[in-house]
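J.: Quick one: structure below, then a few questions.
Since every read-out is calculated from the coordinates, none of them should be taken as a lab result. Predicted model, so just to flag it, every value in this text is computed and none were measured. So basically every Cβ, Gly included, is an ideal-geometry build from the backbone, and we count neighbours across all protein chains shown.
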Amino acid sequence: MRPSAEAIADLALVVGAIALGIFLLVTGVLLATMWRYRLRPGAPEPRQIAGDLRLEIGWTVAPLLALAAVFVLMLGTMREIGASLPIAADTDRIPLRVTVVAHQFWWEYRFDGGAVAANELHIPVGVPVELDLVAADVIHDFWVPALAGKSDIVPGKTNHLRLFARQPGTYEGACAEFCGVQHAWMRLVVFAEPEPEFDRWLAVQGAARQAPAGEAARGEQVFLRNVCVSCHALRGTGAAGNGAAPDLTHVGGRTTIGTGVLRNDAAAMRAWLADPQRYKPGSAMPLVRLDPGDLDALVAYMESLH
Ligand code: CUA
């Protein structure tokens with residue numbers, strides 16, 4: 001088992017080598033012919049011919065063979081990376097299934113067992129991860145180049161991709177299909193971690209929020225009496241949202257805000273909540289006017305939600 005990205009990169013190298021070989025051959029023959037039959041005073045004219053059957057068959061069959069070879073190689077790679085096909089025999093790991101829901105301004109990840117995450121996906125190292133890609137209201141293209149190929153996510157259709165990380169690390173990606181004003185900020189990040197660490201993360205994402213204390217508790221009240229609750233779910237508070245905005249139950253544990261547009265810390269969260277349209281113009285997150293005390297409490301609450 002290896003990352004699909006490696007199989008694709010190997011294919012690209014082989015196809016690139018074939019293309020380079022053809023380029024050198026054709027250019028070489030062309031240059032040699034130009035040199036051999038260059039205009040020289042007194043040299044005899046080359047023999048004039050009209051058509052050459054052998055040549056014509058040759059330059060029809062040669063590209064046909066080259067393309068057929070590339071096609072066969074490509075079929076092998078497609079077989080290897082096809083997420084709907086059985087996992088390679090060299091791993092006995094049962095794949096982890098994750099449903100990726102494309103929303104116009106954010107990514108949603110749903111796991112069996114009820115864990116939900118937004119914008120940042122964690123996966124275990126050495127375990128194949130099967131992504132079922134579905135769209136809520138947009139066409140995105142899911143692309144984490146170091147782990148897998150690309151796949152469009154299209155409303156009304158479920159597409160599949162397989163992620164496999166051999167090494168722990170942070171794998172970045174981006175939406176690769178123009179999807180409106182925030183296309184350039186549809187960042188993807190996949191954290192590949194050792195399995196125990198991943199299991200802990202998954203358990204947290206499946207749990208309700210820890211009851212807040214102090215200023216964060218006041219912030220929860222601010223959250224619950226404002227318009228935030230009409231879109232955002234926050235498990236443990238009764239806020240169920242409407243599915244149109246990220247679940248905020250563990251928002252404080254994410255590294256970024258706004259699908260990658262800001263690093264997640266208290267100062268950035270405050271700036272974001274004070275004027276989301278400044279950072280994500282055109283997105284669905286509205287400006288909710290709060291007095292500074294309420295804003296501080298809300299920021300404290302958001303950052304406490306790990
Ligand atoms: Cu989604 Cu661009």
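J.: Within segment 106-152, work out how many residues are closer than 23 Å to His306 by Cβ and not in a strand (DSSP E or B).
T.: Count: 6.
J.: Moving on to the next point. So which pairs qualify, if the first residue must be in segment 157-178 and closer than 20 Å to His103 by Cα, the second must be among the aromatic types (Phe, Trp, Tyr), the Cβ gap must be under 7 Å, and the two must be at least 6 apart or on different chains?
T.: Once the first residue is closer than 20 Å to His103 by Cα and sits in segment 157-178, its partners that are among the aromatic types (Phe, Trp, Tyr) give Leu161/Phe142; Gly173/Trp143; Ala174/Trp143; Ala176/Trp143.
J.: Go through segment 8-55 and count every residue that is more than 30 Å from Leu147 (Cβ to Cβ) and touching a helix residue (DSSP H, G or I) at 6+ places or on another chain (Cβ under 7 Å).
T.: Of the residues in that region, 1 qualify.
J.: Residues being surrounded by 15 or more Cβ atoms within 10 Å (Cβ to Cβ) and part of a loop (DSSP other than H, G, I, E, B): count how many of those fall in segment 260-306.
T.: Counting residues in segment 260-306 that are surrounded by 15 or more Cβ atoms within 10 Å (Cβ to Cβ) and part of a loop (DSSP other than H, G, I, E, B) gives 10.
J.: Is it fair to say Ala216 is closer than 19 Å to Leu248 by Cβ, without any contact (Cβ under 8 Å) to a residue 40 or more places away in the chain and among the small types (Gly, Ala, Ser)?
T.: For Ala216, the condition - closer than 19 Å to Leu248 by Cβ, without any contact (Cβ under 8 Å) to a residue 40 or more places away in the chain and among the small types (Gly, Ala, Ser) - is not met.
J.: Have a look at Asp92, Asp10 and point out the one that is surrounded by 10 or more Cβ atoms within 10 Å (Cβ to Cβ) and acidic (Asp, Glu).
T.: So the residue among Asp92, Asp10 that is surrounded by 10 or more Cβ atoms within 10 Å (Cβ to Cβ) and acidic (Asp, Glu) is Asp10.
J.: Here's another thing I want to ask about it. Where residues in segment 166-210 are among the acidic types (Asp, Glu) and within 16 Å of the ligand (Cβ to nearest atom), which of them is nearest to Leu248 (Cα to Cα)?
T.: Going through the qualifying residues, I end up with Glu172.
J.: Would you please list the contacts, defined by Cβ atoms under 8 Å and residues six or more apart or on different chains, that run from a residue in segment 90-110 that is touching a residue at least 40 places away in the same chain (Cβ under 8 Å) and more than 15 Å from Gly258 (Cα to Cα) to a residue that is aromatic (Phe, Trp, Tyr) and assigned to a strand (DSSP E or B)?
T.: Cβ pairs passing all conditions: Val100/Trp107; Val100/Tyr109; Val100/Phe142.
J.: Please find, within segment 192-243, the residue that is nearest to Leu147 (Cα to Cα) out of those that are charged (D, E, K, R) and within 25 Å of the chain's Cα centre (by Cα).
T.: Among them, the one singled out is Glu193.
J.: Please determine, by comparing only the residues of segment 107-123 that are of a type in the set (Gly, Ala, Ser) and touching an Asp or Glu at 6+ places or on another chain (Cβ under 9 Å), which one is nearest to Ala135 (Cα to Cα).
T.: Selected residue: Ala118.
J.: Looking only at segment 74-89, count how many residues are surrounded by fewer than 19 Cβ atoms within 10 Å (Cβ to Cβ) and assigned to a loop (DSSP other than H, G, I, E, B).
T.: 7
J.: Let me ask something else. Could you list all residues from segment 221-248 that are out of contact with any strand residue (DSSP E or B) (no Cβ under 8 Å at 6 or more places or on another chain), surrounded by 13 or more Cβ atoms within 10 Å (Cβ to Cβ), assigned to a helix (DSSP H, G or I) and of a type outside the set (S, T, N, Q)?
T.: Selection gives Val222 alone.
J.: Among the residues of segment 146-156, is any surrounded by fewer than 16 Cβ atoms within 10 Å (Cβ to Cβ) and within 16 Å of the ligand (Cβ to nearest atom)?
T.: So far as segment 146-156 goes, yes, one or more of its residues are surrounded by fewer than 16 Cβ atoms within 10 Å (Cβ to Cβ) and within 16 Å of the ligand (Cβ to nearest atom).
Matching residues to (1) surrounded by 11 or more Cβ atoms within 10 Å (Cβ to Cβ); (2) of a type outside the set (A, V, I, L, M, F, W, C); (3) under 27 Å from Glu172 (Cα atoms):
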{"residue": "Ile49", "(1), (2), (3)": "no, no, no"}
{"residue": "Ile57", "(1), (2), (3)": "no, no, no"}
{"residue": "Val100", "(1), (2), (3)": "yes, no, yes"}
{"residue": "Ala118", "(1), (2), (3)": "yes, no, yes"}
{"residue": "Pro128", "(1), (2), (3)": "yes, yes, yes"}
{"residue": "Asp132", "(1), (2), (3)": "yes, yes, yes"}
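J.: Something else now. Look at His160 and say whether it is of a type outside the set (A, V, I, L, M, F, W, C) and more than 16 Å from the ligand (Cβ to nearest atom).
T.: Here the answer is yes, as His160 does meet what is asked.
J.: Listed residues Asp296, Asp265, Asp275, Asp291; which is of a type in the set (D, E, K, R) and in contact (Cβ under 8 Å) with a residue 60 or more places away in the chain?
T.: Asp296
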